[in-house]
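Peer 1: Would you mind keeping the following structure in view while I ask a few things?
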């Protein structure tokens, strides 16, 4: 089992580059199933979740070729859902994104319960209801779902919640159906919009991308496409918070201001400032960090739940009390216990709220990464802590951050993989 060993207290400096968006890549890979023709995808992040999705596609018969370090060709001419790699599906939450594309291509298939981070209840009811309104019936068995898509059709849908993956599944199915599908109360995160742009390149017509209402005119004959994945806004936010928390003038390349508006505004409330250029955002270290009354995560364009935990470690270094409120998930505070071990003052008020007091000096300890974003948060905590910190279960970090230790070493961080 690999761990990270980190010696904290060093100032960081330099440039760190944001890779392609994890949350755009996995649905776009799933969407390649909508055509039998070749799709070429560039700016692929080299992370575990992407490798697992590629393994699932390959297990069903996809032909995947690497054309460069971050560029692949995917051709799904002969696909058999019955050959889907069950064990990988169980490990990967993003495997749920295959529901929409497989429902578009096959009349009947079985699908297995997806895995992923344990961050609270993540029911599939919104997915199933949206697909049901489009003529797809899903029946639950002991460990899997039997899907019958023989009567799939264009429809008018209002989602029960602004679920990103439910939105993406409905978009994928709609793109392959003749006629007009209208989907309301959809998620509009940048990676949802990126999936929409890929579906347009396949031949679908979509109105309303970037809004909470979509009109999709699909086609049974979607064709080959080329697409470049957008930069990862969550990764950019993580690195910006790293710079603010450590007081380091880090330049985050490929960070897009238009994808980070409220994150930047919230960081400014903490006392941070930035130099923003066309293709980068540079942290101007704050003389003093001050607590904010509340960090409240919401669906886009709100502060993403995926950066709630990094804001939590920032709050430990800010003067005063900060209330962190994650309205989307009820089990995303597992990192708090690890911060408390290091000396943080934090009290979990209920499953959705934690109160953090600062500033506090953190000390190196042996701690555990329980999920992807918690892992990145604990790395930030270790970099500001006194002494040596060992982080276990770093596979969770590898799921979404490509070779993070090598990139942080270039900034001057004392971090190594053991």
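The values are calculated or read from the model by the stated rules, or taken from the named source; none is laboratory data. What you see is a predicted model, and the numbers here were worked out from it, not measured in a lab. In this analysis, Cβ positions are derived from the backbone assuming ideal geometry, glycine residues included, and neighbour counts consider all displayed protein chains.
Conditions tested, residue by residue: (1) under 17 Å from the mean Cα position of the chain (by Cα); (2) crowded, with 23+ Cβ neighbours inside 10 Å; (3) in the same structural domain as residue 75 (by TED's automatic domain parsing); (4) at pLDDT 95 or above.
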| position | (1), (2), (3), (4) |
| --- | --- |
| 15 | no, no, no, yes |
| 29 | yes, yes, yes, yes |
| 38 | no, no, yes, yes |
| 48 | yes, no, yes, no |
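Peer 1: Identify the residue in the range 358-373 that is in contact with a strand residue (DSSP E or B) (Cβ under 9 Å, 6 or more places away or on another chain) and in contact (Cβ under 8 Å) with a residue 60 or more places away in the chain and, among all such residues, is farthest from residue 319 (Cα to Cα).
Peer 2: By that ranking, first place goes to 364.
Peer 1: If you don't mind, there's one more thing I want to ask. How many of the residues making up the range 270-322 are part of a loop (DSSP other than H, G, I, E, B) and under 19 Å from residue 339 (Cβ atoms)?
Peer 2: So the count comes out to 7.
Each row is one residue, and each column tells you yes or no for (1) touching a helix residue (DSSP H, G or I) at 6+ places or on another chain (Cβ under 6 Å); (2) part of a strand (DSSP E or B); (3) crowded, with 24+ Cβ neighbours inside 10 Å; (4) at negative phi.
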| residue | (1), (2), (3), (4) |
| --- | --- |
| 325 | no, yes, no, yes |
| 356 | yes, yes, yes, yes |
| 370 | yes, no, no, yes |
| 379 | no, no, yes, yes |
| 389 | yes, yes, yes, yes |
| 402 | no, no, no, yes |
| 407 | no, no, no, yes |
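Peer 1: Within the set of pairs 6 or more residues apart or between chains, which connect a residue that is in contact (Cβ under 8 Å) with a residue 60 or more places away in the chain and at negative phi inside the range 157-176 to a residue that is surrounded by 24 or more Cβ atoms within 10 Å (Cβ to Cβ) and part of a loop (DSSP other than H, G, I, E, B) with Cβ atoms less than 6 Å apart?
Peer 2: What qualifies is 164/189; 173/134.
Peer 1: Any idea how many residues of the range 331-354 are touching a strand residue (DSSP E or B) at 6+ places or on another chain (Cβ under 6 Å), farther than 19 Å from residue 393 by Cβ and assigned to a loop (DSSP other than H, G, I, E, B)?
Peer 2: Here the count works out to 2.
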